[in-house]
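The values are calculated or read from the model by the stated rules, or taken from the named source; none is laboratory data. Bear in mind the structure is a predicted one, so any value in this text is a computation, not a measurement. Cβ placement follows ideal geometry from the backbone for every residue including glycine, while neighbour counts extend to all protein chains displayed. Note: accessible area is taken over every heavy atom of the protein model, side chains too, but ligands, DNA and RNA are not part of it. Shrake-Rupley method; radii C 1.70, N 1.55, O 1.52, S 1.80 Å.
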Amino acid sequence: FCLCLTVALLSIFLSSFIGKDILGFEKSPVSPIILSIVIGFILLNLSKSVNLGEPGINFCTKQILKLGIILMGIRLGLYDMVDFGIKGLIVVVPCILSTFVIIKYSRKFFNLKINLATLIAVGTSVCGATAIVATAPLINAKREETAFAIANITIFGLIAMMIYPVFANFIFSENTVSVGLFLGSSIHETAQVFAASTIYSDNYIAPKVVEVSTVTKLVRNSMLIFVIPYVVYSNKIKNDSNDFIISKHLGLFPLFIFGFVIFVLIRSMGDFTLASNGLAMWIFDKQSWNNLISNFSHLSKFFLTIAMAGIGMSINYKEMTKVG
């Protein structure tokens, strides 16, 4: 954890130093998110001792990441959450359905076994490695199939994370909602989506992209509870008890989404009370409320920068080259 924290602080310093002091911009175009990933990647692949911190790195890429996303909810009002969520749902559902249709009809052409094809499909369309790990035991997938599928979505997700922000700006002509929907519905992992949207936001001064892409990705993550039963049914995996199946599926739902929604409701309640009686939550004046929102937003981004350092330290170049 301390190593990830140090990398995050170094990335923030370098972002400001390069962008403001060297290049002379008022706001640095060099994202601390991408610096955090790159520095983490370099450290892992140059020093074997980084592997000793694997438990802390896993903590950052999972728990700190979720905490950062939860706090991000303070940046959204309830209306925005519902608006972006509905738009995200309209985009996400066809994406998931089309992915499974394409996999069904193309896997034989590429000589892929059905288990590997299914794992790649759920990892690509829903929520990356989480979906793959959750699906694998239910379809009796082999360990090498699971590892290959995770490596697949990791590699292509990282490529998309770097390329899609530029591609999105070119295609959607700075339409921030469309860019957010695109990034949130097309990049595999939650961390990769946040990184890509932050890179876009930092380079094209479009903070709304982060909110739209995050809500869209959370909508995708929640689809796991519907996709898993379909996969089990389509692969004809039989379980002894319906109660077991239900509890298993409910346990797969990403609970941190509720934390995100709670902060959205806090923001909405604060804005409503501020407009109605001049005090947000009956406590804060307008300036204090805006400062509180800003502080939570910066804290969210800081936690996510720490998580990105962990992501960088999870990318082993030698292991990636073995995938083929």
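Restricting to segment 196-208, and then to whatever is free of Cβ contacts under 8 Å to residues at least 60 places away in the same chain and hydrophobic (A, V, I, L, M, F, W, C), can you tell me which residue is surrounded by the fewest Cβ atoms within 10 Å (Cβ to Cβ)? Checked segment 196-208; the qualifying residue surrounded by the fewest Cβ atoms within 10 Å (Cβ to Cβ) is Ala206.
Do we have any residue at all in segment 185-203 that's assigned to a helix (DSSP H, G or I) and farther than 23 Å from Ser36 by Cβ? Can you show your working first?
Narrowing segment 185-203 to residues assigned to a helix (DSSP H, G or I): 185-186, 190-203.
Then drop every residue that is not farther than 23 Å from Ser36 by Cβ, which leaves 185.
So far as segment 185-203 goes, yes, one or more of its residues are assigned to a helix (DSSP H, G or I) and farther than 23 Å from Ser36 by Cβ.
Consider segment 151-161 and keep the residues that are more than 22 Å from Met72 (Cβ to Cβ) and at pLDDT 85 or above. The one that is most open to solvent (accessible area, probe 1.4 Å) is Phe156.
Residues are listed down the side, and each one gets a yes or a no for (1) assigned to a helix (DSSP H, G or I); (2) more than 21 Å from Thr214 (Cα to Cα); (3) acidic (Asp, Glu):
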| site | (1), (2), (3) |
| --- | --- |
| Leu274 | yes, yes, no |
| Trp282 | no, yes, no |
| Gln287 | yes, yes, no |
| Ser294 | yes, no, no |
| Ser297 | yes, no, no |
| Phe302 | yes, no, no |
| Ser314 | no, yes, no |
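With respect to Val193, determine if the residue is open to solvent by 20 Å² or more (accessible area, probe 1.4 Å), within 19 Å of Lys62 (Cα to Cα) and of a type outside the set (Ser, Thr, Tyr). Considered against the rule, which asks whether it is open to solvent by 20 Å² or more (accessible area, probe 1.4 Å), within 19 Å of Lys62 (Cα to Cα) and of a type outside the set (Ser, Thr, Tyr), Val193 comes out as no. If the condition is being more than 27 Å from Ile86 (Cα to Cα) and at pLDDT below 70, then segment 222-246 contributes Asn235, Lys236, Ile237, Lys238, Asn239, Asp240, Ser241, Asn242, Asp243, Phe244, Ile245.
Within segment 174-208, being aromatic (Phe, Trp, Tyr) and under 26 Å from Ala129 (Cα atoms) holds for Phe182, Phe194, Tyr200.
Give me the residue from segment 212-236 that is open to solvent by less than 20 Å² (accessible area, probe 1.4 Å) and charged (D, E, K, R) and, out of that set, farthest from Pro94 (Cα to Cα). Restricting to residues being open to solvent by less than 20 Å² (accessible area, probe 1.4 Å) and charged (D, E, K, R), the top hit is Lys217. In segment 269-315, of all residues being of a type in the set (S, T, N, Q) and under 20 Å from the mean Cα position of the chain (by Cα), the one that is modelled with the lowest pLDDT corresponds to Ser314. Look at (1) open to solvent by 10 Å² or more (accessible area, probe 1.4 Å); (2) polar (S, T, N, Q); (3) farther than 16 Å from Ile86 by Cβ; (4) touching a helix residue (DSSP H, G or I) at 6+ places or on another chain (Cβ under 6 Å) and you find that Ser185 fails only one, number (3).
For segment 12-113, list the helices (runs of 4 or more DSSP H) that sit wholly inside it and hold at least 2 residues that are at pLDDT 85 or above, open to solvent by less than 80 Å² (accessible area, probe 1.4 Å) and polar (S, T, N, Q); which are they? Before you say what the answer is, go through the steps one by one.
On the way: elements: 32-46, 54-59, 65-72, 78-106.
Answer list for segment 12-113: 78-106.
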